[in-house]
C-alpha cells in the first residue's frame, strides 16, 4: 500500500538518502516527514523566509513500523526514545529518577525498524516533556498536549529498506507569511490550554515512580 508523505525544509529534496542528516534529531538519524502537507509547510518556513514542501510516495507493505501514536504505546515510551538522542535537563532529583524509571519500564526496541511514527519534539512539546519530568505538569495534561494535535506527528524513515521504497512526486513553495502565523497561533493556544495540575484522578511522574506503574496500566491510556 502506498502512502503520501511530505518533507518541509529550506531546500527541495528530490532524492532522500540514507545516512544523511543530524544524528541527534528526535529519533536519531533519519528522514523526517509528515502525512500532512500543511504541517510540512509550517515546518519549512521561518519568520520572513519561505521554504519548500517536497512530496513523496512510499510503499510501506512489509516495512517494520513503530507507531508511537498507537494505543500500544504511551507518552512515556516516546520520552524513553527521546532519551537516546535529545538532551533533557536532569539536574533535579525528580527528573533523574524519572529517566531511570522510564528507561527501565518503557524501553522502545527501535534498532531494527524501518520507520517510526511519533510526536515531534518541537520547542512546545519538548518543554511539556521537561515540565512533566520535573513534576510540574500532570500526566493527563502532558498526554493531552501530545495526542490532541496532529500537527506534531512525524513519519521518519530509518532504514535503507525504507529509503528504497520512496519516490519523489514534486514540490511546492511554502510561504512564510501564510504558514508561520498559523503555526505560531497554534503554539500560543496550546501553551494557554495547559494546566500544571488536574483533578484527583490525575497523577504526576512522582506518583508513577513510587507506584512503579507499568506500560499495561490502563490509567496511562
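Any read-out appearing in this document is the output of simple, stated calculations on the displayed coordinates, not a laboratory observation. Quick caveat, the model's predicted, so the values are computed rather than measured. Positions of Cβ are generated from backbone atoms using ideal geometry, with glycine treated the same way; all protein chains shown enter the neighbour counts.
By how many degrees, between 0 and 90 and to the nearest 10, does the Cα long axis of helix 123-133 differ from the longest principal axis of the chain? Helix 123-133 and the main axis of the chain meet at about 20 degrees.
Going by how many other Cβ atoms sit within 10 Å of their own, how do 140, 192 line up, fewest first? Intermediate values should be presented prior to the final figure.
On the way: 140 17, 192 8.
By the 10 Å Cβ count, ascending, the order reads 192, 140.
In nm², what is the average projected area of the convex hull enclosing the Cα atoms of the range 82-122? All intermediate terms of the calculation are to be shown ahead of the outcome.
Working: hull surface 14.4 nm².
Dividing the Cα hull surface by four gives the mean projection, 3.6 nm².
Mean 1/r over all different Cα pairs, inverted: what Kirkwood radius does the range 47-149 give, in Å? Walk me through the numbers before you get to the answer.
Details: mean 1/r = 0.0653 Å⁻¹.
Evaluated on the range 47-149, it is 15.3 Å.
Would you work out the relative contact order for the chain, in percent, from Cα pairs under 8 angstrom that are 6 or more residues apart?
Details: 386 pairs, mean separation 65.8, N = 221.
The value is 30 percent.
Measuring nothing but alpha carbons in the chain and taking Rh as the Kirkwood radius, the Rg to Rh ratio lands at 0.98.
Which order do the peptides 82-93, 12-23 come out in when sorted by mean C-beta neighbours inside 10 angstrom, highest first?
Working: 82-93: 13.8, 12-23: 12.3.
The densest-packed peptide leads the list: 82-93, 12-23.
Which value at 222 nm does the chain reach when only helices count, each DSSP H run of 4 or more adding -39,500 (n - 2.57), with the total divided by all residues and rounded to the nearest 500 deg cm²/dmol? Please list the in-between numbers first.
Numbers: 8 runs with 78 residues, N = 221.
Rounded to the nearest 500, it is -10500 deg cm²/dmol.
Could you tell me which of rounded, prolate or oblate describes the range 117-221, using a ≥ b ≥ c as the square roots of the eigenvalues of the alpha-carbon gyration tensor, with rounded for a/c under 1.5 and, failing that, prolate when a/b is larger than b/c and oblate otherwise? Taking the square roots of the gyration eigenvalues as a ≥ b ≥ c, the range 117-221 is oblate.
For the range 1-63, the Cα-based Rg and Dmax, in that order, read 12.4, 42 Å.
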